[in-house]
Amino acid sequence: MISRKSRHQISLMRTAGSIVAEVLAEMRNVVKPGITTWELDEIAYKIITKNKAIPTFKGYPGLPGFPAFPASICASVNQEVVHGIPSKDVVLKEGDIISIDVGATYKGMVGDSAITIGVGEISEDLKMLLETTNQALYDAIDKMRAGNHLQDVSAAIEDRALSKGLGIVKQYGGHGVGSSMHEDPFLFNYRTGDPGPLLKPGIAIAIEPMFNLGTGEVHMLSDGWTVVTNDGKPSAHFEHTVVVTDGEPEILTNPS
């Protein structure tokens, strides 16, 4: 069932979102050659807890037979699409890209956002990948308007990927968010032929396009979390938590 958030719930999500935005702003400052993804996670944890919030991802249940997620951020490098586990052994180097996904829970409500960052100087192909994926996010946000259908949001994402010939990750997508990190509805990053639910004020969705330089096909590694591209080519991931209003869509994971 799709829930519509009250003004009070949206206010709490706005605070949670501003904490997530603070984490990602700091990630942009500290990501550089030589830093480990473990160090990035420690920085994120300190910022989230300093703001009296809970790292939403830490302890999130895994698939049957696999452990819960052990960290505060997902740190996915190069061909890793999503859910990369921070590690002392993963040292960023010049030319890498890293997708950092962050969730914070504040007084029971969740903010969820992600960015992909270039490490030092990156190739023109990678710059195009990041710019296109980020633009797809904002194309989709513009469709988060009362009276549109969820498929309008999906179509905007697909159209941006097709404009540059990028692979669309179809096994994963956006989702409702609120008192839980994953709520209804699921947001496909491509057209399915179903218009989907009508968008109404108070519906909050984490929109998260994931585009690849090569094939859109992906698979999960044996750790039960990390998702990688089948062809080993890089992937980018951008995300905002957005709420439908009576007017313009509101991004809840912008800086306060």
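When region 28-49 is examined, which residues are found to be surrounded by fewer than 21 Cβ atoms within 10 Å (Cβ to Cβ) and in a helix (DSSP H, G or I)?
Arg28, Asn29, Val30, Trp38, Glu39, Glu42, Ile43, Tyr45, Lys46, Thr49
Could you grab me the full set of residues in region 192-215 that are buried (at least 18 other Cβ atoms within 10 Å of the Cβ) and acidic (Asp, Glu)?
If the condition is that a residue be buried (at least 18 other Cβ atoms within 10 Å of the Cβ) and acidic (Asp, Glu), then Glu208 is the only one that fits.
Taking the criterion of being assigned to a loop (DSSP other than H, G, I, E, B), touching a helix residue (DSSP H, G or I) at 6+ places or on another chain (Cβ under 9 Å) and crowded, with 24+ Cβ neighbours inside 10 Å, would at least one residue in region 221-237 satisfy it?
Yes, the conditions are met somewhere in region 221-237.
In region 72-106, what residues are closer than 21 Å to Leu166 by Cα and part of a loop (DSSP other than H, G, I, E, B)?
Of everything in region 72-106, those that are closer than 21 Å to Leu166 by Cα and part of a loop (DSSP other than H, G, I, E, B) turn out to be Asn78, Gln79, His83, Gly95, Asp96.
Could you please tell me which pairs satisfy a Cβ distance under 7 Å, a separation of 6+ or placement on different chains, a first residue in region 151-169 that is touching a residue at least 60 places away in the same chain (Cβ under 8 Å) and closer than 20 Å to Val81 by Cβ, and a second residue that is open to solvent by 10 Å² or more (accessible area, probe 1.4 Å) and small (Gly, Ala, Ser)?
Here the result reads Gly167/Gly214; Gly167/Gly216; Val169/Gly216, each pair linking region 151-169 to a residue that is open to solvent by 10 Å² or more (accessible area, probe 1.4 Å) and small (Gly, Ala, Ser).
When only residues in region 163-186 that are hydrophobic (A, V, I, L, M, F, W, C) and within 15 Å of the chain's Cα centre (by Cα) count, which is most open to solvent (accessible area, probe 1.4 Å)?
This residue is Phe186.
Under the condition of being open to solvent by 10 Å² or more (accessible area, probe 1.4 Å) and of a type in the set (D, E, K, R), which residue from region 238-254 is farthest from Gly103 (Cα to Cα)?
The extreme case among them is Asp246.
Within region 11-27, track down each residue that is over 17 Å from the mean Cα position of the chain (by Cα) and surrounded by fewer than 21 Cβ atoms within 10 Å (Cβ to Cβ).
Of everything in region 11-27, those that are over 17 Å from the mean Cα position of the chain (by Cα) and surrounded by fewer than 21 Cβ atoms within 10 Å (Cβ to Cβ) turn out to be Ser11, Thr15.
So that you can scan it fast, the table gives a plain yes or no per residue for (1) open to solvent by less than 10 Å² (accessible area, probe 1.4 Å); (2) in contact with an Asp or Glu (Cβ under 7 Å, 6 or more places away or on another chain); (3) part of a helix (DSSP H, G or I):
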position	(1), (2), (3)
Thr133	yes, no, yes
Ala146	no, yes, no
Ser154	yes, no, yes
Glu158	no, no, yes
Ala161	yes, no, yes
Tyr190	no, yes, no
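The values are calculated or read from the model by the stated rules, or taken from the named source; none is laboratory data. In this text the structure is predicted, and so the values were computed from the model without any measurement. Cβ coordinates were reconstructed from backbone atoms using ideal geometry, including for glycine residues, and neighbour counts include every protein chain displayed. These accessible areas exclude ligands, DNA and RNA; they are computed on the full protein's heavy atoms, side chains included. Shrake-Rupley method; radii C 1.70, N 1.55, O 1.52, S 1.80 Å.
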